[in-house]
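The structure appears below as C-alpha cells.
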Amino acid sequence: MTLRAYNSKLAYVLVVLAAVSAAQSSQEPSVTYTPVTPPTSAGKAPSITFAPVPLVTATRAEPTKVELNFRVASGFHVNSNTPKSDFLIPTALKMDLPTDIILGKIEYPAGKDLTFPFSPDESLNVYSGDFTITLAVHPLKSVVPGKYVMHGVLRYQACDNAQCFPPKTLPVSFDVKVVKEKPAPTHNPAQSPHVHN
C-alpha cells in the first residue's frame, strides 16, 4: 500500500469516527413527558355542556318558546337559579338579542335539595345531570323576516362532593328564523236573502 493510499484510508476512518462521536455527543437521554392535570373528580373538569338547538321558527308579533338543554359533568353539581345561601352564585342565563327581538320570561327548573360533606348541616339547592332552561323570543312586527343569531352566556358555579370551584361562563347561541305573521282572516259580507242568481 502506498503512502498516499494509506493516508487517504486513514483520513476516511477519521471522518467516520468524528461523525459517530458527534452524533453520540448530540444525543440527550430520553425523557418520557407525562402531562399533569389538576386533581378533580374522576379526572374531569367541572363543566356544563350545551346541546345544539334546532332552528327555531318564530312568527312576527308572537312569542315563541325555546328550550335550552344543558348537562352537568358527571360527579359535579351546580347551584340552582335560587340557591339557599347569599354566598353561593346562582346559575343564570343572560341573552343579548338583536334589535326588535324581545326576550320573554326565562324559566329555570326547580333544583334538588341535597347535602354534601363540605356543608353537612345545610342542604343546597342544585342542578345535576341534565336540566332545561326555557325562554321566549318575541320578534316585533318591525323585524325584517330572515335568520337571526341569538347570543348569550350561562354563568354557573360548579362543585363536587368536597369543594366548590370558581364561577365560569358558557357561551350560548341559537338561530331564529323570523317569518311574517299570518294574514288576518277576511270575512265575506253576508248576502242578502233577497238576492237570487
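None of the figures in this text is laboratory data; all of them are computed from the coordinates on show. Remember, it's a predicted structure, so these values are computed and weren't measured experimentally. In this analysis, Cβ positions are derived from the backbone assuming ideal geometry, glycine residues included, and neighbour counts consider all displayed protein chains.
Placing pseudo-labels 7 Å out from each Cα toward the beta carbon at LEU170 and SER142 gives an inter-label distance of 3.5 nm.
In the range 77-178, the C-alpha radius of gyration followed by the widest Cα-Cα span (Dmax) gives 16.7, 55 angstrom. Give the calculated FRET efficiency between LYS182 and ILE89 to the nearest 0.05, with a Förster radius of 30 Å applied to their Cβ-Cβ distance. Once the sixth-power term is evaluated, E becomes 0.10. You can think of it this way: the chain between THR57 and LYS105 has 15.5 nm of extra reach, that is 0.36 nm per residue less the Cα-Cα gap.
Within the shell defined by Cβ-Cβ distances under 12 Å, the residues around ARG155 carry a net charge of +2, with Lys and Arg each +1 and Asp and Glu each -1. Taking the charge dipole of the range 41-178 about its Cα centre, with +1 at Lys and Arg Cβ atoms and -1 at Asp and Glu Cβ atoms, the residue from VAL56, PHE116, HIS77 reaching farthest to the positive side is VAL56. Scaling against 2.2 N^0.38 Å puts the C-alpha radius of gyration of the range 89-141 at 1.62. Note that the range 49-60 has calculated 3J(HN,Hα) couplings of 10, 10, 7, x, 9, x, 3, 9, 9, 10, 8, 4 Hz, one per residue in order, obtained from phi through the Karplus relation 6.51 cos²θ - 1.76 cosθ + 1.60 (θ = phi - 60°); glycine and proline are x.
In straight Cα distance, which aspartates and glutamates are under 13 Å from LYS105, not counting same-chain residues fewer than 8 positions off? In chain and number order, the partners are GLU67. For the range 144-185, the residues whose backbone nitrogen is under 12 Å from a point 7 Å from the Cα of SER47, taken along Cα to Cβ, are 169-171.
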